[in-house]
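Worksheet: the structure to be examined is printed underneath.
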Amino acid sequence: MSTLLTIQSSLFGEQGQSSALINRFVEHWLTLHPGGKVINRNLAEDPVPHLDLERFQAFTATPDEMTDAQHEAVTQSDALIAELVSADVILLGIPMYNFNIPSTLHTYFDHVARAGVTFRYSANGPEGLVKGKKAYVFVTRGGVYGESHAQTDFVRQFLGFIGITDVEFIHAEGLAMKEKAEKNLAAAKQRIERLSAVV
Ligand SMILES: Cc1cc2nc3c(=O)[nH]c(=O)nc-3n(C[C@H](O)[C@H](O)[C@H](O)COP(=O)(O)O)c2cc1C
């Protein structure tokens, strides 16, 4: 059975345009994988707390050194990583907020980037340990910045760092511009239909 994980970060939850693109993909995917399992992680509804020193130090401490709060932080991070590792296909819905990814998603990334768990340093440099995944990233933007933008580059770099290298980006831009929004959203949806047919 194939497992698909959706990671949504729109402030608008299910009403967000990035969520709508994710939902469209899931709908198609389920027709091809009728018994497929879908896991939803909605970071706007259920945000992960910011990484602070106590949390960060918990990630490298031994269990006997940890405070109760640190045990809780590691349990939460372990659960997020287990969920990510359990997925064959990962969909990320990423609105552009203030020229980058939503802070809730950044915080999620801070909790799944764990030395010795999702990446390690070898003699050849960093090695990602979350392997064998396919990711689709739905980027929605009010303006038009193009696909080679720092926001896209950052997401590609982060996913690659933890081992997720097979990544397809679907950009829907100009969504704050009436004349562009409809056309660009329709193009993104058409692309989703083609992509979800081959997963
Ligand atoms: C807080 C906030 C900040 C935004 N910042 C930007 C921005 O820097 N550049 C941009 O093109 N659009 C920006 N937008 C517009 C969103 O990227 C656009 O509405 C996008 O479609 C939102 O996706 P969503 O509906 O999935 O949340 C911003 C919207 C919000 C709510």
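Roughly speaking, what is the stretch gain from L53 to K180, that is 0.36 nm per residue apart minus the C-alpha to C-alpha distance, in nm to one decimal?
41.3 nm
How much of the accessible area of the chain, in percent, comes from carbon and sulfur atoms when a 1.4 Å probe is used?
52
Do any chymotrypsin sites (Phe, Trp or Tyr not before Pro) in the stretch 20-125 lie in a DSSP loop with no more than 12 other beta carbon atoms within 10 Å, and if so, which?
F99
Just the number, please: percent antiparallel of the DSSP beta bridges in the chain, rounded to the nearest 5.
Taking every DSSP beta bridge with both residues in the chain, the antiparallel ones total about 15 percent.
Quote the accessible area belonging to H171 in square angstrom, nearest 10, computed with a 1.4 Å probe and with ligands, DNA and RNA left uncounted.
The accessible area comes out at roughly 30 Å².
From Cα pairs below 8 angstrom and at least 6 apart in sequence, can you work out the relative contact order of the chain, rounded to a whole percent?
The normalised contact order for the chain reaches 24 percent.
Over the chain, how many pairs of lysines fall under 23 Å by alpha carbon, counting only those 8 or more apart in sequence or from different chains?
On the way: K37/K131; K37/K133; K37/K134; K37/K189; K133/K189; K134/K189; K178/K189; K180/K189.
Count of close lysine pairs: 8.
Name the most mobile residue of T60, T165, T107, meaning the one with the largest mean-square fluctuation, in a Gaussian network model of the chain with Cα contacts below 10 Å.
Maximum among the listed residues: T60.
So how compact is the chain: Cα radius of gyration and Dmax in angstrom?
17.4, 60
Restricting to DSSP H runs of at least four residues, report the calculated mean residue ellipticity at 222 nm for the chain, -39500 (n - 2.57) per run over all residues, nearest 500 deg cm²/dmol.
Mean residue ellipticity at 222 nm (helix-derived): -13000 deg cm²/dmol.
Starting from the residue with the highest accessible area, list D64, D110 in decreasing order, probe 1.4 Å.
Solvent-accessible surface, decreasing: D64, D110.
Given Cα positions, please report Rg to Rh for the stretch 1-89, the hydrodynamic radius being the Kirkwood one.
Over the Cα atoms of the stretch 1-89, Rg/Rh equals 1.09.
Rounded to the nearest whole Å², what accessible area per residue is found for the chain with the 1.4 Å probe? If you can, show how the numbers build up before the last one.
Numbers: 10140 Å² over 199 residues.
That works out to 51 Å² per residue.
How much accessible surface area, in Å² rounded to 10, belongs to the heavy atoms of E179 with a 1.4 Å probe?
140
Using a Gaussian network model of the chain with C-alpha springs under 10 Å, which one of K178, K134, K189 is most mobile by mean-square fluctuation?
Result for the chain, Cα springs under 10 Å: K178 fluctuates most.
The values are calculated or read from the model by the stated rules, or taken from the named source; none is laboratory data. Remember, it's a predicted structure, so these values are computed and weren't measured experimentally. All Cβ positions, glycine included, derive from the backbone under ideal geometry; neighbour counts span all protein chains shown. Surface areas here come from the heavy atoms of the whole protein model, side chains and all, with no ligands, DNA or RNA. Shrake-Rupley method; radii C 1.70, N 1.55, O 1.52, S 1.80 Å.
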